[in-house]
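Every number here is computed from the coordinates shown, using simple stated rules; none is lab data. This is a predicted model, so every value here is computed, not measured. Cβ atoms come from the backbone with ideal geometry, glycine included; neighbour counts cover every protein chain shown.
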């Protein structure tokens, strides 16, 4: 599937590709490591390429490192997801949401089903990454973890990992809406927040085990607190 999408994008008329390139439009592909679908296309501006790669890492690395029970919660949802999911990856958006599902696909190369992509319709959503960066998914626990890491050498690493898990949980949340449009928002939110909470807890546990408590002050504080 990734090769088919790349081949399709390269097969378009040169003037379309050059115009797209000059306008700064870029595409990054990401696949869930243990699943045949969905393939995710991160549609972004050239100026946001570094952040877009964090979105790719969230899908490919964050999913792989999440506890099995977290992934099991999305087994049937991802099984029923579109083969191709487009993320409109933006700094912000008009509605003020972290992200939301689009009823129709707006990204031009994928707006209509193509034989090169299997002929199936894609799904689309947007994520406003600057809003996500300032979002505390679980305020009490997120602030508490910040306090744990702030005295040590791994605060920036923790923030980067937390952001990737936030990206991933929002993506899963919106795919949930695509697949189960009638499911109540409260139920969808509970599932995505549980994924975020448990995956972040696993990261913290692994981080604690990876360093000597006498070397990194952030983890010696875990013991005292």
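Mind computing the radius of gyration and Dmax over the alpha-carbon atoms of the range 12-52? Å is fine for both.
Calculated on Cα positions, Rg and Dmax stand at 12.7, 37 Å.
Could you check the spin-label model distance between residue 193 and residue 134? Points 7 Å from the Cα along Cα→Cβ, value in nm.
2.1
Using a/c under 1.5 as the rounded threshold, could you call the range 1-141 rounded, prolate or oblate? The axes a ≥ b ≥ c are square roots of the C-alpha gyration tensor eigenvalues, and prolate needs a/b larger than b/c, oblate otherwise.
Oblate.
Post the alpha-carbon centroid distance, the range 1-30 to the range 70-109, in whole angstrom.
The range 1-30 and the range 70-109 have Cα centres separated by 20 Å.
For the residues 9, 171, 136, what sequence is obtained by ranking on other C-beta atoms within 10 Å, fewest first?
136, 9, 171
Tell me, in nm to one decimal, what length is gained between residue 47 and residue 94 on full extension, where the rule is 0.36 nm per residue of separation less the Cα-Cα distance?
Full extension from residue 47 to residue 94 adds 15.0 nm.
What ranking do 134, 49, 192, 169 get, fewest neighbouring Cβ atoms within 10 angstrom at the top?
134, 49, 192, 169
Grab the Cα-Cα distance for residue 159 and residue 10, subtract it from 0.36 nm times how many residues apart they are, and report the gain in nm with one decimal. Walk me through the intermediate numbers first.
Values: separation 149, 0.36 × 149 = 53.64 nm, distance 3.60 nm.
Taking residue 159 through residue 10 to full extension adds about 50.0 nm, to one decimal.
On a full-extension model of 0.36 nm per residue, what is the gain between residue 25 and residue 102, subtracting their alpha-carbon distance, rounded to one decimal in nm?
25.8 nm
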